[in-house]
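Q: This is the structure, below, for whatever I ask next.
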Amino acid sequence: MKDGFVKAAAATPDIRVADVAYNTENICKMIDETVANGAKVIVFPELCVTGYTCSDLFMQDILLKEAKEALFKIADYTKEKDALIFIGVPLAVDGELYNVAAALNRGNILGLTTKTFLPNYGEFYEMRQFRPGPDMARWITLDGKKIPFGPQLLFVAEQMEELVVSAEICEDVWSPIPPSTLAAREGATVIVNCSASDETIGKAAYRESLIEGQSARLICGYIYANALRSEEHTSELQSHLKESLRQIWYLEDIILLRRMERHLHPAIVSQMK
């Protein structure tokens, strides 16, 4: 991060549905590659630790236990990584299952952003397994540590105050009032989206225009990481800002064109170390 520039990556690893060990290994390999190429903000797809298409396997305690252990393992793997990394994982909290994007930095879980809008139409039936995230962020205890949990969490880089990152998950950006809109009002300058969006006729072009439009409306960068075809539904490698033929693409420099002279409304802000 230098002179208002930061390098970002959308990483879409090959995964196997419900094979947490295999997925964790590939995620860690991609963390190594992206960090080696200078990325400071790295985004992985929705539920990439387990795979999005686990269906009712999400009701199995053994899968959820392995996913939580994998989250701790990946977080520990980032100890020497100078980057803010977002990983999609299912997480049970107080007896309810949530679809979350975990923000990791230097061995720490900085925050757990919850999915607000769960699709429950057509080929989607997320409300069968998951609960929508809370309306407001709160603190939970995970592995003996208090961690912010909920929507519109803001992550601020100490060495670049203009870099304020917030996450949302897949369907959230398709909603009438996306969480990213509220996060931008609170000061976010870069939005990341962990996604597992499937393919139907015309959807790819519509999705790209959706992301471009949201970025333009919010006057912020937008990093969108979608799942690969290794998921059992038909998904496409279309990680924006603009597509690539590789599994990892880099936005060479997100330019924070100007300081966002906004009043920062009360929000949970985690500091990147």
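Q: By count of other Cβ within 10 Å, fewest leading, how are T53, T141 ordered? Write out the running numbers ahead of the final one.
A: On the way: T53 18, T141 10.
Starting with the residue having the fewest Cβ neighbours, the order is T141, T53.
Q: By count of other Cβ within 10 Å, fewest leading, how are C28, C220, C48 ordered?
A: Numbers: C28 15, C220 23, C48 27.
Result, fewest neighbours first: C28, C220, C48.
Q: Turning to a different aspect of this structure: So for region 37-144, considering every pair of alpha-carbon atoms, how many percent are separated by more than 20 Å?
A: 39
Q: In the structure shown, do any of K79/K115; K68/K145; K7/K145 have a Cα-Cα gap over 18 Å, and if so which?
A: K79/K115; K7/K145
Q: Loop only per DSSP, at most 15 neighbouring Cβ atoms within 10 Å: give me the GluC sites (Glu not before Pro) in region 120-158, ordered by residue number. Working shown, then result.
A: On the way: sites: E123, E126, E158; in loops: E123, E158.
Taking region 120-158 and a limit of 15 other Cβ atoms within 10 Å, the loop GluC sites (Glu not before Pro) found are E123, E158.
Q: Also, quick follow-up: When only alpha-carbon atoms are used, what values of Rg and Dmax, in angstrom, describe region 1-90?
A: For region 1-90, the Cα radius of gyration and maximum Cα-Cα distance read 13.7, 48 Å.
Q: Order these by the 10 Å Cβ neighbour count, fewest first: F86, F130, F149, F44.
A: Details: F86 29, F130 20, F149 23, F44 33.
Going from sparsest to densest Cβ surroundings: F130, F149, F86, F44.
Where a number appears in this text, it was derived from the coordinates with a stated rule and is not lab data. Values in this document were obtained by computation on a predicted structure and should not be read as measured data. Note that each Cβ is placed from the backbone with ideal geometry, even for glycine, and that neighbours are counted across all protein chains shown.
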